[in-house]
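This report refers to the structure that appears directly beneath it.
The values are calculated or read from the model by the stated rules, or taken from the named source; none is laboratory data. The structure displayed is predicted, hence computed values, not measured ones. Neighbour counts run over all protein chains shown; Cβ positions are idealised from the backbone, glycine included. Side chains included, ligands, DNA and RNA excluded: accessible areas come from the protein's heavy atoms. Shrake-Rupley method; radii C 1.70, N 1.55, O 1.52, S 1.80 Å.
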Amino acid sequence: MEHKEAPMWERPWSFAESFVVGAGLVLVGFSLEWANGLARMAELSWPANLQAILIFAMLVAVNFAVFRHRPWTLWLMSVPAAIASIVAFTFMALLMGLVPQGAAMSEPWRRLGMDSLTSSWPFGLTMLYLLATLLTVTLKRSFPFRWRNLGFILNHLGLWVAITAGAVGSADLQRLSMVVEEGKGPVWYADDGKQIFEMPLAIELLDFEIEEYVPKIAFMDVATGELLEPQNQHLFSADTALRAEILGWSLRVLEFLPTSGRMGETFFNINDFGSAAAARVLARHADGRQVEGWVGAGNALNPYHPLRLDERHALLMLPPEAKEFRSKVSIFTASGERLDTTVRVNQPVVAEGWSVYQLSYDETYGRWSAISVLELVRDPWLPVVYTGIYMMFAGALYMLWLGKGMKISPAEGDAKPEQARQGQSEQA
Amino acid sequence: MIWINFPAYALAALVAWSLALAMNRLSRVRGNTLIANGLVGVGLAVMATFVVTLWLSLDRPPIRTLGETRLWYSIFLAGIGFVIYLRWRHKWFLEYSLGMAGLFLLVNLAHPETYDKTLMPALQSPWFVPHVVVYIFAYALLAGSSLVAIKGIWENRLGRFQPSTLALADNLVYVGFAFLTFGLLFGALWAKEAWGHYWTWDPKETWAFLTWIAYLLYIHHRHHKPAEHRLHLWLLGLSFVVLLVAWFGVNYLPTAQYSVHTYTN
């Protein structure tokens, strides 16, 4: 592109130079990873992360204030630098989208940090590149302030605030899991998989409740024991109101028991601990064959009870899927207060600065699970991240309001390609 | 087990849209245009009725499976194509968008889905509907912009490209990008409620982010060098490929098994 007209590194810098800077940062970053020994970028916790970000913002701001018209500042606020920094950062995001994170990896890849890219040097350095261009161009549009730049400022500064707070705040983010069990009293410790923490609050599980959907019945290949395309048509709900036509079989559920006991080949209604669902199915094949019998779901205490249709196929009831699960708990705080509440999926409860989430339960027991797995999250930077997010919301609304924000008519845009090419002097 | 009467609704809409396109193409008489417009509206109404019926019979918003999102997509695409046609009289745009909407209905006809009421607890949230609907709407708008790009690339090849073509794409990208931003941010706020963190670089999130970035690059470069049409047209086309990966391609990537966004067992 530019280098046809101007040699590399001759000012003003444009696309070629900007991309070389981005690629250089990626290379330097991976070299630092390879060299090991150095602390990883994401490990600056409070207050070092606040100090780091203040120093970074001040450096960018002072540079802007003092050297606003110097070539490097003009470059930082130019579209080529913006695009190259976005591309460099996006390259790292693309790696993350293609390489499974947190997965086991052979040594050279692990040493490059490919299994944990979010806390790697190349990720951090490309992010700093992006944050420097974003902040510089925001300052350019903010001084002198004009109302028509408000949308631009909200979009760019909002993104800057959200990325910055999210990145430096990740070191202060704590996500712990706590396992509570009915009848076992309050629990006041939680762990992050590596370490156990004593919490400023204790949680007692009073009751774990679960509601389930009617389970599905699947076709099983008798020879291999595998289900036939479980995500597709070989699956039907054990709902007595429905009929299904699958593989030439016409299927009807005559009777459904959400909890059942088994006696020989029949099932009966019972609500004992550990009992599983069962259904009586009538299957008629197009060629006249007919099978009627029980199919029973299994769980930790009961074996599955398939229903054989012919030498190739059998019906199998899958474990029911959860419709809703919730934990009735008492939360005791260090200050001596007691909070009786219910924690549901999508409805966390806040106590002592910690958000308590319903995470999981003992799935092998299903509805009979006596334990509940809670997640405890503390994220002191959240309000800052949300500020950035709300600024971006406002910026997006502004974009909608104006529609196409660019005020370049096609004719005008075509008429002055020469001027447009001088990216740095462009006053948008 | 199959979606209630889906073939009947889909065929009715396809017939209405085909008739509308045929009338539009064959005749320049104004009266016929009115009838043609009415037929586009009828097709839209038929599909809207179907979505409402499906919603009621499933007891949950019909936006969980890929097939269900294709359904919304085809309605939005047809709606957007219609509005743009009414506003700017781009006949070709109505043809392309109705064609694509019809294609997605045909895909659903070829792959009937199971009748499945289950909705995992994490999806039971007030954020579910706005998050998905805003996204699908953005996808439909951006699909419109990629149609413009394909037309532009073709015209460029024939040497009769008009710069004004890109102005239509710009409008679609700007509105689409705003909705894409809403979808992304709604998703972040919801993720905080459901999974404890607003951003976890889940593969689906990563690809949604890449999509957002791709259009961001288009907007910036378009602003920087308004005259480089060829590059812009290709950027638009490429961005839509990234969007398609985020929408369903991500399910086929090696990272998919780690995703919390694969809801179809």
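Things to note:
- Note on the stretch B:73-136 and the stretch B:170-247: Cα centroid distance 18 Å, given to the nearest whole angstrom.
- Average accessible surface for the stretch B:1-118: 45 Å² per residue, computed with a 1.4 Å probe over protein heavy atoms with every protein chain in place.
- Eligible aspartates and glutamates near B:K91 by straight Cα distance, threshold 17 Å, same-chain separation 8 or greater: B:E155
- Each Cα pair under 8 Å and six or more residues apart adds its sequence gap; the mean of these over the residue count of chain B is a relative contact order of 16 percent.
- CD proxy at 222 nm, helix term only [per DSSP H run n ≥ 4: -39500 (n - 2.57); per residue of chain A; nearest 500]: -11000 deg cm²/dmol
- Once the Cα-Cα distance is subtracted from the 0.36 nm per residue extended length, the A:S106 to A:L254 segment shows a gain of 47.9 nm.
- Value of Rg/Rh across chain B [Cα atoms, Kirkwood radius]: 0.98
- Chain A: relative contact order as a whole-number percent, Cα under 8 Å and 6+ apart: 16
- Net charge of Cβ neighbours under 13 Å - reference B:W154; Lys, Arg +1; Asp, Glu -1: +3
- Interface residues in the stretch A:377-398 - accessible area drops by 50 Å² or more relative to the isolated chain, probe 1.4 Å: A:Y386, A:I389, A:M392, A:F393
- Rg/Rg_ref, the stretch A:282-355, where Rg_ref = 2.2 N^0.38 Å and atoms are Cα: 2.06
- Taking a Cβ cut-off of under 11 Å around A:V222, the surrounding Lys, Arg, Asp and Glu residues balance to a net charge of -2, with basic ones at +1 and acidic ones at -1.
- Convex hull (Cα only) mean projected area of the stretch B:1-118, reported in nm² to one decimal: 6.8
- A:H69, B:H224, reordered so the largest accessible area comes first (probe 1.4 Å): A:H69, B:H224
- The contact between chain A and chain B removes approximately 5900 Å² from the accessible area (both sides summed; 1.4 Å probe; ligands, DNA and RNA excluded).
- Only protein atoms count toward the accessible area here, which uses a 1.4 Å probe; on the protein assembly as shown, the carbon and sulfur part of that area reaches 62 percent.
- Three semi-axes of the equivalent ellipsoid, the stretch B:120-254, Cα gyration tensor, whole Å, largest first: 32, 14, 12
- In Å², nearest 10: area of A:D272 left accessible to a 1.4 Å probe: 90
- Taking all Cα-Cα distances within the protein assembly as shown, those exceeding 34 Å account for 56%.
- Whole-number percent relative contact order across the stretch A:214-320, with pairs defined as alpha carbons under 8 Å at least 6 apart: 27
- Per-residue 3J(HN,Hα) values for the stretch A:199-214, derived from phi via the Karplus relation 6.51 cos²θ - 1.76 cosθ + 1.60 with θ = phi - 60°, read 9, x, 9, 10, 10, 10, 7, 7, 7, 9, 10, 9, 10, 10, 6, 4 Hz in sequence order (x marks Gly and Pro).
- Inter-centroid distance (Cα atoms) of the stretch A:163-225 relative to the stretch B:43-61, Å: 36
- Leading residue at positive end of dipole, chain A (Cβ point charges), from A:M263, A:V343, A:A23: A:A23
- Distance from the alpha carbon centroid of the stretch B:143-161 to that of the stretch A:352-406 works out to 40 angstrom.
- Computed with the Debye formula from one identical point scatterer per Cα of the stretch A:214-320, without solvent, the log10 of I(q)/I(0) at q = 0.11, 0.16, 0.21, 0.24 Å⁻¹ comes to -0.30, -0.64, -1.11, -1.42.
- Per residue, in Å², the accessible surface of chain A once ligands and nucleic acids are set aside, probe 1.4 Å: 50
- Stokes-Einstein D in µm²/s, Kirkwood radius over Cα pairs - the stretch B:85-163 at 10 °C with 1.306 mPa s viscosity: 101
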